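Here it is, the structure in full.
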Amino acid sequence: MSPQAKKDTSEQAEFRRYCRNWLSQHDAGSPTVRLPQSAIEIMHGEQLDYLRKWQGEAYAAGLIGCDYPVAEGGGGRKNCQLVANQEMARAGKPFLPNILGLGMAAPTLHFHAQSALKERLLPGLFSCEDIWCQGFSEPGAGSDLANVQTFAERRGDKWVINGHKVWTSLAHFADWMILLLRTDKSSKYDGLSYFVVPIKAALGEGVTVRPLIKITGETGFNEVFFDNLEISDDYRLDEVGKGWQVAQTTLLHERGAGPMVTPSSGRGSGSGKTRAVGDAYGLIDLAKHSSRDGQSAADDPLLRDEIMKMIIRQEGSKQGARRAKVEGLCEHPMRIPLQAKLVMSEIRQDSAAVAIDILGAHSSLSIGDDNAPAGGEWPLAYMNSYGITIAAGASEIQRNILGERVLGMAKSK
């Protein structure tokens, strides 16, 4: 019995048995195309189709949206999404593609949308019938999110939107966008409002999506332009001027600290090779199969020391997450959840950097090269890691949040 299973409630234990049984009997099949390392790097329709089909099947089986009310398309359970996540990971199943919808849009809708809008939009989000993206960052407003200038002007029961969003993952596939807009230019924070927008329906008629090609050659990022896009006031979440407060719900869940647990949508594709990339333990296998000065890289004491440091950091983060569930061990209850994104994104980046050292000159071989060790996935992970340490607030922003808002330290100058 796993450590998680030992602490299950009766409902969780029954649900865990159900998940294991269903997952053992349902295979996603082998993809016909190479899958990306995570959802935000999905480039092609063939990749999305394979992953979307799996998410739809998992949702139909009750493994997604478990803790949301039945009226919203959820399972009506209590604290069971984490169980489903653990079992999907244990079974090595593909990641879920609708990461921005599951991790950000769904909890924001749940807490701030009117019932009719939640009941209309959440089932399609959970099933992956509708793909979601996030319209927060702008060319002049990234870490300073409250400085967004994309403007919505009210005209009766309609809003007309003009502006420019950037670094918009999955916008090239998205049906819907969660969108932070300025509705009052006289106030920085109180001048923001929050909307959901059907961007696919408006392509060419007020919405333009342009891909941003990364150093990896992938096009998961995009920029989105709004030109007199008209939407109904029915798509507004919460009150006018409350956009900053609504955005905090989104950001709290994006950083893994919100009350609604996100379905598993991280790295991995169901294949052992890809799951090892970014995982510190995968460095052991990489070192065993790489040479250094005519011998195995695993025999290099300096590399062995670096690998062990990464494994210790990774294990420390995992044990910290366990500690967060024990009330008496958490003097600052929000510290561990809020530090998770910061710590894990940097561990993955540093693990990939160690992999580059292990590979040496072979790290210059790309995923398209048949001679690339481990399929060239580790150098790709290293390049992709910089997007992860910036997304959801750069590491510097995360440290400021932890220091000032959680630990009560003085603001940095």
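The values are calculated or read from the model by the stated rules, or taken from the named source; none is laboratory data. Predicted model, so just to flag it, every value in this text is computed and none were measured. Methodologically, a virtual Cβ is constructed for each residue, glycine included, from the backbone with ideal geometry; neighbour enumeration extends over all protein chains shown.
Under 7 Å by Cβ, and 6 or more places apart or on different chains, what pairs join a residue from the stretch 110-132 that is closer than 26 Å to residue 42 by Cβ with one that is in a loop (DSSP other than H, G, I, E, B) and among the aromatic types (Phe, Trp, Tyr)?
If the second residue must be in a loop (DSSP other than H, G, I, E, B) and among the aromatic types (Phe, Trp, Tyr), the pairs left are 110/68; 122/68; 131/173.
I'd like to verify a number: residues in the stretch 65-90 that are in contact with a His (Cβ under 9 Å, 6 or more places away or on another chain) and either in contact (Cβ under 8 Å) with a residue 60 or more places away in the chain or among the polar types (S, T, N, Q) (or both), how many?
Result for the stretch 65-90: 1.
If residue 252 passes every condition in (1) in contact with a Cys (Cβ under 6 Å, 6 or more places away or on another chain); (2) modelled with pLDDT under 95 but one, which one does it miss?
(1)
May I ask you to say which residue of 312, 388 is in the same structural domain as residue 402 (by TED's automatic domain parsing), surrounded by 15 or more Cβ atoms within 10 Å (Cβ to Cβ) and β-branched (Val, Ile, Thr)?
Going through 312, 388 in turn, just one is in the same structural domain as residue 402 (by TED's automatic domain parsing), surrounded by 15 or more Cβ atoms within 10 Å (Cβ to Cβ) and β-branched (Val, Ile, Thr): 388.
Just give me the residues in the stretch 79-130 being in a loop (DSSP other than H, G, I, E, B), more than 23 Å from residue 172 (Cβ to Cβ) and of a type in the set (S, T, N, Q), in sequence order.
79, 114
Read through the list (1) out of contact with any strand residue (DSSP E or B) (no Cβ under 8 Å at 6 or more places or on another chain); (2) at pLDDT 90 or above, then give the number of the only condition that residue 321 fails.
(2)
Please tell me if residue 23 is at pLDDT 95 or above and within 20 Å of residue 173 (Cβ to Cβ).
No: the conditions fail for residue 23.
Right, next: So for the stretch 28-40 (the condition being polar (S, T, N, Q), part of a loop (DSSP other than H, G, I, E, B) and surrounded by 15 or more Cβ atoms within 10 Å (Cβ to Cβ)), does at least one residue qualify?
The answer is yes, given that some residue of the stretch 28-40 is polar (S, T, N, Q), part of a loop (DSSP other than H, G, I, E, B) and surrounded by 15 or more Cβ atoms within 10 Å (Cβ to Cβ).
Within the stretch 209-220, is there a residue that is farther than 30 Å from residue 321 by Cα, modelled with pLDDT of 95 or more, among the small types (Gly, Ala, Ser) and surrounded by fewer than 20 Cβ atoms within 10 Å (Cβ to Cβ)?
No, because not a single residue in the stretch 209-220 is farther than 30 Å from residue 321 by Cα, modelled with pLDDT of 95 or more, among the small types (Gly, Ala, Ser) and surrounded by fewer than 20 Cβ atoms within 10 Å (Cβ to Cβ).
Give the residue, chosen from 120, 155, 90, that is farther than 20 Å from residue 259 by Cβ, of a type in the set (Lys, Arg), in the same structural domain as residue 184 (by TED's automatic domain parsing) and surrounded by fewer than 18 Cβ atoms within 10 Å (Cβ to Cβ).
On inspection, the qualifying residue turns out to be 155.
OK, next. Picking from 11, 46, which residue would you name as being touching a Pro at 6+ places or on another chain (Cβ under 9 Å), in a helix (DSSP H, G or I) and surrounded by fewer than 20 Cβ atoms within 10 Å (Cβ to Cβ)?
Exactly one residue qualifies, and that residue is 46.
Could you tell me which residue of the stretch 323-340 is farthest from residue 258 (Cα to Cα), considering only residues that are of a type in the set (A, V, I, L, M) and part of a helix (DSSP H, G or I)?
So the residue we want is 329.
Next question. Among residues belonging to the stretch 364-380 that are small (Gly, Ala, Ser) and closer than 16 Å to residue 37 by Cβ, point out the one that is surrounded by the most Cβ atoms within 10 Å (Cβ to Cβ).
Among those residues, the one meeting the criterion is 374.
Continuing with the same structure: So how many residues does the stretch 190-246 have that are among the aliphatic types (A, V, I, L, M), in a strand (DSSP E or B) and without any contact (Cβ under 8 Å) to a residue 60 or more places away in the chain?
Of the residues in that region, 5 qualify.
Would you mind telling me which numbered condition in (1) at pLDDT 95 or above; (2) surrounded by fewer than 18 Cβ atoms within 10 Å (Cβ to Cβ); (3) not in a helix (DSSP H, G or I) residue 74 fails?
Failed condition: (2).
If the Cβ limit is 6 Å and pairs must be 6+ apart or interchain, which residue in the stretch 341-366 that is in a helix (DSSP H, G or I) pairs with which residue that is at pLDDT 90 or above and basic (Lys, Arg)?
Listed pairs, sorted by first residue: 347/313.
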